[in-house]
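**Q** Here you go, one structure.
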Amino acid sequence: MEKKQFQAESKRLLEMMINSIYSQKEIFLRELISNSSDAIDKIYYRALTDDTLTFNKEGYYIKVTADKESRTLKISDTGIGMTKEELENNLGIIAKSGSLAFKTENESKDGHDIIGQFGVGFYSAFMVADTVTVLTKPIGSEEAYLWKSDGADGYTIETAEKDSVGTEIVLTIKENTEDESYDEYLDEFRLKSIIKKYSDFIRYPIKMDSTESKLKEGSEDEYEEIFGEQIVNSMVPIWRKNKAELTNEDYENFYAEKRYGFDKPLKHVHISVDGAVRYNAILFIPEQTPYDYYSKEFEKGLELYSNGVLIMEKCSDLLPDYFSFVKGMVDSEDLSLNISREMLQHDRQLKLIAKNIKNKIKSQLQSMLKEDREKYEKFYASFGRQLKYGVYSDFGANKEDLQDLLMFHSSKEKKLVRLADYVSRMPEDQKYIYYASGENHERIEKLPQAELVADKGYEILYFTDEVDEFAIRMLMSYKEKEFKSISSGDLGIEDAESEKEAQTEDAENKELFGRMKELLAGKVKDVRVSKRLKSHPVCLTADGEISIEMEKILKAMPD
Ligand code: ADP
Ligand code: MG
């Protein structure tokens, strides 16, 4: 048995990696399972062209076994195994990937499901283990080999015995230290949850021995422990299934299982794109506002998978802020991952996907608004405010995307209406889209100015949300019709005759109004005769661009 040394650079690299590449130690399991899946895939791809090989899916699996007594965690697979040479090359040289080589050699065939590419994932095992052994028997050989390493010090290889083709990796899990616990990597439930999180959609079964408490047959309160092998992963991701065969319930189950929310989603969208970037996505529009939605704590984002393996739990770049309520996932084989496979190298592909997704959500909402008004109103009650924030933010850059999704309460219809509805109903002589801000509908209805506008037969939009007026100011106009607050000085309704009358009356009462102005100094700018009042003796009018209600909000805002 001959001991070989890692080259000096490799040694440093290994230490560096063990300590710095991955943000979480639990990732080691994702990496080892991905390798096993790749190893099985290799048999599958080889069988496509090699007549002496048959691939019968039933015979292939990955198994994870923990043993607390010996502090070992074993990951075994029925994959292609490694020859002695492959052991030396792929596990002895850091950053050498047998899987990448396999993909390149098989470029013409579809080896693109293979996950590995960087040649570093394997060493993540040393984040949690003192010693790693690899027992492997390559396909088409009678010999087996045992590779062993304590990390930075190098490795040994010796011939060994193994019954079947495949690989068995045994980690001796580190002892707990003062600030780090490693015991969890021997715990059945913790291991299961790590597998579920990252490797749920690995295409081959991941088995674990498990103990389950079950009611004894014929008994109502006596339980018995049942030991047995269990498949932990779901294997076929719903997004790779045939859309035609999926029911609404399947999507709802997925939503619940993924804990995207505790409500039932209002709508799902299943996207499969085979263009410049290939990707699958399942998106949901929730019904209810998450409790922290309108707070700083809320984090938007979609789950991001690469070839069925979870890369990021909340990829925020996939969603614009104004669609931050959308839940779901994206899976793409075209992402350029960074070496830890926790982040992306370039965001070109991601940007394309994000743009595509944004347009999909927009069109889904538009069609919901058109075809299922009731549903849309539910959606709007939960997330309408976010759309209005969206119009207002980024200096109105998104207004084109959002303006047709907005709704406001109408004085005429007594319900929410779209801007398009409003404009289509405008009488010919109406110049502006009128709105009124106030605390609630009753208050707005009592505004003196509302009477005059309503008398003209014009519709008024009621703004009761603080953001309404801000959003509208960003829009400025809709279909070339400007917005006008009913409390602004010039309503665009006054006719020339009554204007003249008012001016005469102003002149006649000059003294009285002058005295009133003196008394109200600092509170009002001017006192004038108005011809727009009917049953109210007096009204307040905003002087500048900003309505009285908006001034109140601005004053209440912290500087
Ligand atoms: P990557 O998966 O990115 O190639 P790894 O460090 O995870 O890098 O693995 C290095 C190489 O070791 C793989 O490319 C593969 O050739 C080989 N390998 C690792 N684990 C196994 C396994 N369970 N069965 C067969 N080959 C394996
Ligand atoms: Mg790997």
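What follows draws every value from the coordinates through simple rules; no lab data is involved. Remember, it's a predicted structure, so these values are computed and weren't measured experimentally. When we count neighbours, we look across all protein chains shown, and the Cβ atoms used for this are built from the backbone with ideal geometry, even at glycine.
**Q** Could you sort 364-371, 518-525 so that the peptide with the highest average Cβ count within 10 Å comes first and the rest follow in order?
**A** Highest-to-lowest ranking by the protection proxy: 364-371, 518-525.
**Q** In deg cm²/dmol, rounded to 500, what helix-only [θ] at 222 nm does the chain give when every DSSP H run of at least 4 residues adds -39500 (n - 2.57) and the total is split over its residues?
**A** After summing the helix terms and dividing by residue count, I get -9500 deg cm²/dmol.
**Q** Counting only DSSP beta bridges with both residues in the chain, tell me the antiparallel percent, nearest 5.
**A** Of all bridge pairs located within the chain, approximately 80 percent are antiparallel.
**Q** Sticking with this one: Starting from the exponent 0.38 and prefactor 2.2 Å, build the expected Rg for the chain from its residue count and divide its actual Cα Rg by it.
**A** This ratio for the chain stands at 1.39.
**Q** Right, here's the next one. Among 264/327; 25/296; 63/192; 388/484, which pairs are too far apart, with a Cα-Cα distance over 22 Å? Let's see the in-between values first.
**A** On the way: 264/327 12 Å; 25/296 28 Å; 63/192 12 Å; 388/484 18 Å.
Pairs exceeding 22 Å: 25/296.
**Q** Per residue, what volume in Å³ does the Cα convex hull of segment 357-472 take up?
**A** 113 Å³
**Q** Full-extension gain between residue 518 and residue 476, please, as 0.36 nm times their residue separation minus the C-alpha to C-alpha distance.
**A** Values: separation 42, 0.36 × 42 = 15.12 nm, distance 3.61 nm.
Full-extension gain reported as 11.5 nm.
**Q** Right, something else. Sum up the charges of everything whose Cβ sits under 11 Å from the Cβ of residue 422, counting Lys and Arg as +1 and Asp and Glu as -1, but leave residue 422 out.
**A** Within the 11 Å Cβ shell, the charges total +2.
**Q** Are there any helices in the chain, counted as whole DSSP H runs, that stretch 30 Å or more along their axis by Cα and score at least -1.0 on average by Kyte-Doolittle, and if so which?
**A** Qualifying helices, which must be both long enough and hydrophobic enough, are 27-49, 348-371.
**Q** Shifting gears a bit: For residue 337, list long-range residues whose amide hydrogen, built 1.01 Å from N in the peptide plane, is under 5 Å from its own amide hydrogen.
**A** When sequence neighbours closer than 5 places are left aside, the close amide H contacts are 345.
**Q** Using 0.36 nm times the number of residues separating residue 298 and residue 178, minus their current alpha carbon distance, what extension gain do you get?
**A** 39.9 nm
**Q** Starting from the Cα gyration tensor of segment 1-147, multiply each eigenvalue by 5, take the square root, and state the resulting semi-axes largest first in whole Å.
**A** 26, 18, 16
**Q** Fewest first, what order do 223, 432 take by the number of other Cβ atoms within 10 Å?
**A** With the sparsest Cβ surroundings first, the list reads 223, 432.
**Q** Can you pull the Rg over Rh of segment 77-172, Cα-only, Kirkwood? Let's see the in-between values first.
**A** Details: Rg = 13.5 Å, Rh = 13.9 Å.
Taking Rg over the Kirkwood Rh, I get 0.97.
**Q** Just to check I understand the Karplus step: with θ = phi - 60° and J = 6.51 cos²θ - 1.76 cosθ + 1.60, what whole-Hz values come out for segment 477-488, glycine and proline as x?
**A** 8, 9, 6, 6, 9, 6, 8, 9, 6, 5, 9, 7
**Q** Just want the ordering: 236, 134, 423, from fewest to most Cβ atoms lying within 10 Å of their own Cβ.
**A** Taking fewest neighbouring Cβ atoms as first place, the list is 236, 423, 134.
**Q** What is the Cα convex hull volume of segment 383-425 when expressed per residue in Å³?
**A** It comes to 71 Å³ per residue, whole-number rounded.
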